[in-house]
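The values are calculated or read from the model by the stated rules, or taken from the named source; none is laboratory data. Since the model is a prediction, treat every value here as computed from it, not as a measurement. As a convention, Cβ positions derive from the backbone with ideal geometry for all residues, glycine included, and neighbour counts pool all protein chains shown. Just so you know, the surface numbers come from the protein's heavy atoms only, side chains and all, with ligands and any DNA or RNA stripped out. Shrake-Rupley method; radii C 1.70, N 1.55, O 1.52, S 1.80 Å.
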Amino acid sequence: GGPPPKPANVAPKPAPAPPSVPPKPARAVPKPASAAPKPAPAPPSAPPKPKPVVIRVESSGGRSRLELKQEPTLGDLRSEVAARLSIHAGAQLLKLKATGRQLLGEDHVPLSSLGVQTGAELVLETWDRSEAVVRVNSRPAGAHRSLSDLSGPSGSNFPPFEHFLQFRNYDLADLPSVDLLRPVFSEKGKENKVPPGITLRRQRYRHVDYIELHSKEVGRFTRLAQERLVHGERLRGQLFGYYVEDPHFDGCGVRAVLEGIYVGPQAAEGEPEDRQQGYARTVATALGLELIGWIELVRSREATATPAELFEAARRGAATLKAEEHYSGYRYASHKSVAVVVQVGETPRVDAFMVSDQYLALVEAGLVVESDGEKCELRPPATPNELLPLVLDAGNPVTTFPAEWAVVPVESGAAKRPRRLLPRCSLGEALAGPEAREADVLAHAVRAMGEDAVLWEPWADFQLLMRLVGVA
């Protein structure tokens, strides 16, 4: 046989299919929701407001809350204290209450560098309470750094007036002025300006720092006044002397030197007004002396001065104000009348003081009336339309105030080696009294010429010269 026959119509085998790839699932297209309104773009945020620095200050008038700007300086604090508490920046003594550390430096020094932050508590003191260290920027070159350097023999905290002006850069804004204290009268239909208020303050300076007493002259007056005091009479004398610079107060201090005491017949109100007073002024003028104050003897007491004595001293002080103006323009710079009170009793003592410029201005403005009580009295309005300045004590309006507010103590004593124009006190109490006769004084002078002494020495007695003027 031959080859087998081919099968008819046999289909060829199909080619193998490629491996199937599973299809990717179709992404689900979210159905569009109901279109919400798009929010408006937010406005640019405003910068936060700077928070003030809150400080609490304790002073003699109470506790005060001060708000200062952000990042305050020491000058900002001083200015705020001056505005709120009426204490000049040059007289402030600020301390941290927690540590007692004093805040010192220039005005531009940040408070944060001194440890003062929000919530800090400070204590404010002034010159009348401590030996304040003076600010650097209010002190001229070469000036002292503390008031203890300027104090006198007893360590007083009252600087001389000239240094007080230098410390303040000659700022007179808050010093007493009688022009600001005068009352005004309201008128209907017009705009009336109310006079500014007055805050009572203790004076932090002195016009006279020391009075050098003539021990023999004061002793003679004391013996003479004691005889009157036994009978219930008051005896007052006028002090004549001169003023010199005191080296113990850095050359800026003022010392009053007593040379003689004039005691004349006492008028009804206690003023010695008689022809002999003219003799005393004649002698004083010839020797270059002037009236420097008054002296009085009283019984022992605790107070330095009574309201009645202060009022009388203020009236006399106003009468002795000199017409020439001080170079600073301050009117009361010529106020130099010193009152000397000799207290007799178990513990005799001598008190010398001046009335403060503020009290003197109140008396000159007619706001203080004479008082026999324990406190100084302010007068009420004379008419319904009279507007008087409001007087404040520790922030509260008052009609009376303690006398010690108006007292400025003056140091006193006798020189160990006095160099006086009139060193003698040859006249006894009988011839030095107001009832002495000129003939008796002249007879004493004739006897004194026969003494074995320098020719002029027997005549170097203020009382003797005054009465010899009357004889001539």
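Just a few scattered comments:
- Residue list for the stretch 185-209, restricted to those being acidic (Asp, Glu) and open to solvent by less than 10 Å² (accessible area, probe 1.4 Å): ASP209
- Taking the stretch 64-100 as the range and being closer than 18 Å to LEU114 by Cβ, open to solvent by 20 Å² or more (accessible area, probe 1.4 Å) and in a loop (DSSP other than H, G, I, E, B) as the test, the residues that pass are LYS69, GLN70, GLU71, LYS97, ALA98, THR99, GLY100.
- Test for ASP357: is it open to solvent by less than 30 Å² (accessible area, probe 1.4 Å) and within 18 Å of SER86 (Cβ to Cβ): yes
- Long-range neighbours under 7 Å by Cβ, at least six apart or interchain, first residue farther than 22 Å from THR399 by Cβ and outside any loop (DSSP other than H, G, I, E, B) within the stretch 298-319, second modelled with pLDDT of 80 or more and open to solvent by 30 Å² or more (accessible area, probe 1.4 Å): ALA318/GLU364
- Screening the stretch 210-234 for residues that are of a type in the set (Asp, Glu) and part of a helix (DSSP H, G or I) and picking the one that is least open to solvent (accessible area, probe 1.4 Å) gives GLU217.
- Close pairs (8 angstrom Cβ cut-off, 6 or more residues apart or separate chains): part of a loop (DSSP other than H, G, I, E, B) in the stretch 185-207, open to solvent by 90 Å² or more (accessible area, probe 1.4 Å) anywhere: PRO195/LEU180; PRO195/ARG182; PRO196/LEU180; GLY197/LEU390
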